[in-house]
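Below: the structure, in structure tokens.
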Protein chains: 4
Amino acid sequence: MPLSANQIENMKAKRNKILEQAIILFSEHGYNDTTISKVAKASGISFGSVFTYFKNKEELFHHAVVDHLQELSPLLMDFNPDAQNSYKELEAMIDKHIRLFASVGTYLRLVTQVIGQPKRFERQFKKLDQFHYTFRSKIAALVEHGQRSGQLHSGIDPVTSSIAYTSFLMGIRLNLTDQPENNIWSDLAPVAMQLFGPKLP
Amino acid sequence: MPLSANQIENMKAKRNKILEQAIILFSEHGYNDTTISKVAKASGISFGSVFTYFKNKEELFHHAVVDHLQELSPLLMDFNPDAQNSYKELEAMIDKHIRLFASVGTYLRLVTQVIGQPKRFERQFKKLDQFHYTFRSKIAALVEHGQRSGQLHSGIDPVTSSIAYTSFLMGIRLNLTDQPENNIWSDLAPVAMQLFGPKLP
Amino acid sequence: MPLSANQIENMKAKRNKILEQAIILFSEHGYNDTTISKVAKASGISFGSVFTYFKNKEELFHHAVVDHLQELSPLLMDFNPDAQNSYKELEAMIDKHIRLFASVGTYLRLVTQVIGQPKRFERQFKKLDQFHYTFRSKIAALVEHGQRSGQLHSGIDPVTSSIAYTSFLMGIRLNLTDQPENNIWSDLAPVAMQLFGPKLP
Amino acid sequence: MPLSANQIENMKAKRNKILEQAIILFSEHGYNDTTISKVAKASGISFGSVFTYFKNKEELFHHAVVDHLQELSPLLMDFNPDAQNSYKELEAMIDKHIRLFASVGTYLRLVTQVIGQPKRFERQFKKLDQFHYTFRSKIAALVEHGQRSGQLHSGIDPVTSSIAYTSFLMGIRLNLTDQPENNIWSDLAPVAMQLFGPKLP
DNA sequence: CATGAATGAGTATTCATTCAT
DNA sequence: AATGAATGAATACTCATTCAT
């Protein structure tokens, strides 16, 4: 008996619910201290059912790390490296990134754990590293463009500055809390811009 | 009959050996996957003896995180916020910091774990946070000096840029591997300098 | 899908099996020398399953001490303090008690351990102490009745003699072995009766 | 170099100090929960020195149980089975015993532990059982004397009543606390006398 | 003899995974 | 598919005993 569309929908919803809670718990308590039992409870799903959706804990962790990246990726990559006005494009990009990094603290703390222990979370690390590579490459392209068009100083290697920039983003995410009153986030955009050697207008 | 000076020396050496190996293992495998047994083996010390030096695993972790900070602290704070030539002082400081961050990757990955899960490692986090505060305050003082003396642009709040800078340091430490051939480290110094809004000479 | 009635029955049986073996082992080897592993083996149940039924060793011990008391209680309290013929009622009661104490040696040795270390087994001790209080109070009531009706000498305070009696019961249980050929038990009934100051018929 | 008399004295004192504290700790916390380390601390003696006086924990426990019995024994046996007035002799004996049992609660709780687990503490149990045998035999002799001289009823077997009596003593020791205000102890003497079937004067 | 560090065997407890219902 | 009981491997920690100083 094939599953009805309704059932399929229902199962997708359950899977997402599990993943959502898994991200929260893994993020806050780490891999080992997040037990399947706790995830099940938080998701309002029976203990045994978690294994219906994810064959084991490692799989659950993997998807918690990787699946969400698919959603985030287009948001992070939403800028045009060939934009006429590289300067403005950079500014707009930085603004978006900082807003985004400020808002997805939970997930990014999970990412941090993976990056911080690349050997331990090898499979997840590779996925993130791949993404990081395409991400900063696209940024580097924009920077190179800006340098050619004379809007950015040329002294800095574009790849270096793109690495500096993504590191900066991860660094502030690591260092700053989620306190909403913490409005230092918005002040950081112009500082981030400095990394690309902007020429004064 | 109290312990002989020789014995005391011996014990100190053992304690340090344990701590040293604990940093390596905690850094690479995280808190839970680092077992006391592994630490003991790596230190060439019997299992039970670890408990002679640290009353439990939590305590061992705490000292692994905190004790080493005492050694690192003077190196990180080795700059003069009241230096005549703020610009040169900043450059020298950045250079030292980057070299240092490049060389103590293992320990800093451990620090990263603590910062990434502040609730889980509350006690350790507080200690690190305290240090971070004094660290960036001293940097901010240097920046303020530089702005007053006109060597740095005044558009950026010194505290903000000091936070941006320490975040940047942590971020590159997180993102870069320890491959010795990885000589991007040295290229990052001038990019870091940008964060403080240097006036072109 | 809730558990079937059959499963529930099965689990109750397992729980009882564990408790039964726990009583035997705790009684014979004491709290510390009775390991969960031994209890599991004796019960024919896997090691981990013991924790399905009792959240920890302390809990297992507690139930081993306290649950069985519920079964014993009605047997010990099976006499009528308001009986017309207090003398005969006392005799019948003593007879029952002595038979009972002779037959439940294992459990009572466990009780002895708790009473002997009231601070160590505080929670269990309180439960037993409560029972002891109601138990001897009911005996005291019977004695008082017997004194009023002139069947017992009045020189002895009923509460004192009830305490003397329960102490006597525990004492013989402590001093005598379970050797079946040990038929001193039956001879003790008339001696016990003396504690209540019976008037010669 | 032979030890000076002073040193020997000193060592005896230390040994006694250890034993004294061991009785207290074993009595209150049981065998397993009493660690050598705790005994050492309580005795004001170094951890290692305990092993100078007792070759292992079992030995320490053994002496804690057995040595003190030597001191107690003459006090318990201090009555004359051939006394002219058996009745008075019994009364005096009971009085002494009850006072003694009331005052040495700590040690007797230790004894209780041994008797309650005869298999576990086999060696100690045997010693105590031996003593018990001679103790109740002497009492039985006094009772027999009393029966022959007509001061006690003859219905009860002297051995049975002596066992009843020693059981009673252990039972009240087990059941009653050491609260000094607990003056039920003194009321128990006449009740105990009943066990021997006294003829009314 | 006195001291206390070194050792490792022993144990309670947790938890991912399996599987019967 | 859903449930939750059953299992046992893994691990922190304790403590008697040994032994070097």
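The values are calculated or read from the model by the stated rules, or taken from the named source; none is laboratory data. The shown structure was predicted, so the numbers you read here are calculated from the model rather than taken from an experiment. Note: ideal-geometry Cβ built from the backbone for every residue, glycine included; neighbour counts use all protein chains shown. Note: accessible area is taken over every heavy atom of the protein model, side chains too, but ligands, DNA and RNA are not part of it. Shrake-Rupley method; radii C 1.70, N 1.55, O 1.52, S 1.80 Å.
Suppose we look only past 52 Å in the calculated P(r) of the protein assembly as shown. What percent of the Cα-Cα pairs does that tail hold? In whole percent, the share of Cα-Cα pairs in the protein assembly as shown beyond 52 Å is 44. In the complete set of protein chains, residue-level accessible area for D:Leu19 is approximately 20 Å², probe 1.4 angstrom.
Strictly over 30 Å apart at the Cα level, which of C:Lys55/D:Lys126; C:Lys96/D:Lys88; B:Lys55/B:Lys127; A:Lys41/B:Lys119; B:Lys55/C:Lys57 would you flag in this model? The partial results should precede the final answer.
Numbers: C:Lys55/D:Lys126 38 Å; C:Lys96/D:Lys88 34 Å; B:Lys55/B:Lys127 20 Å; A:Lys41/B:Lys119 21 Å; B:Lys55/C:Lys57 24 Å.
Where the Cα-Cα span goes over 30 Å, the pairs concerned are C:Lys55/D:Lys126; C:Lys96/D:Lys88.
Reported to the nearest whole Å, the Cα centre-to-centre distance from region B:161-176 to region D:77-129 is 78. Summary for A:Lys127: label point 7 Å along Cα→Cβ; distances to the equivalent points in the other copies, ascending, 3.5, 4.9, 6.8 nm.
Can you pull the semi-axes for region B:32-125, root of five times each eigenvalue of the Cα gyration tensor, sorted largest first, whole Å? Don't skip to the answer; put the middle values down first.
On the way: eigenvalues 234, 40, 28 Å².
Each semi-axis is the square root of five times an eigenvalue, giving 34, 14, 12 Å.
Measuring from each Cβ of chain D to the axis that turns chain D onto chain B, the shortest distance belongs to D:Gly48, 4 (residue, then whole Å).
On average, how much accessible surface per residue is there in region B:1-54, in Å², for a 1.4 Å probe, leaving out ligands, DNA and RNA? Before the final figure, lay out the partial values.
Details: 3180 Å² over 54 residues.
In whole numbers, region B:1-54 has 59 Å² accessible per residue.
Across the identical copies, the label point of A:Asp95 (7 Å from Cα in the Cβ direction) is separated from its matches by 3.9, 10.0, 10.4 nm, in order from shortest. Just to verify a number: FRET efficiency for D:Asp187 and B:Thr35, C-beta to C-beta distance, R0 = 51 Å, to 0.05? After rounding, the FRET efficiency stands at 0.25. Modelled this way, with points 7 Å down the Cα-to-C-beta line, the labels at C:Ala141 and A:Arg99 are 7.9 nm from one another. Rounded to the nearest angstrom and listed largest first, the equivalent-ellipsoid semi-axes of chain B from its Cα gyration tensor are 37, 18, 15. Let me make sure I get this right: for region D:113-174, a, b and c are the square roots of the gyration tensor eigenvalues over alpha carbons, sorted descending. Under 1.5 in a/c it's rounded, otherwise prolate if a/b > b/c, else oblate. Which is it? Verdict is prolate for region D:113-174. Working from label points 7 Å from Cα in the Cα-to-Cβ sense, the A:Asp178 to C:Ser46 distance is 3.7 nm.
For the pair B:Asp67 and A:Asn85, a Förster radius of 51 Å applied to the C-beta separation gives a FRET efficiency near 0.50, rounded to the nearest 0.05. Label-point spacing at C:Val66 relative to the other copies reads 3.9, 4.0, 5.0 nm, in ascending order, each point sitting 7 Å out from Cα along Cα→Cβ.
In the context of the full protein assembly, B:Thr52 retains an accessible surface of approximately 100 Å², using a probe radius of 1.4 Å and ignoring ligands and nucleic acids.
Determine the share of region C:29-185's accessible area contributed by carbon and sulfur atoms, expressed in whole percent, with a 1.4 angstrom probe. With neighbouring chains kept in place, the figure for region C:29-185 is 52 percent. A Gaussian network model of chain B, with springs between Cα atoms under 10 Å, assigns the largest mean-square fluctuation among B:Gly171, B:Gly155, B:Gly116 to B:Gly155. Under the rule a/c < 1.5 gives rounded, and otherwise a/b versus b/c splits prolate from oblate, where does region D:91-201 land using the Cα gyration tensor? The shape class here is oblate.
Pairs of alpha carbons in region D:10-51 separated by more than 17 Å make up 20% of all such pairs. What's the total accessible area buried between chains C and D, using a 1.4 Å probe, rounded to the nearest 100 Å²? Buried area between the two chains comes out at roughly 3100 Å². Ranked by solvent-accessible area (1.4 Å probe, protein heavy atoms only, all chains present), the residues A:Asp82, D:Asp129 order from largest to smallest as A:Asp82, D:Asp129.
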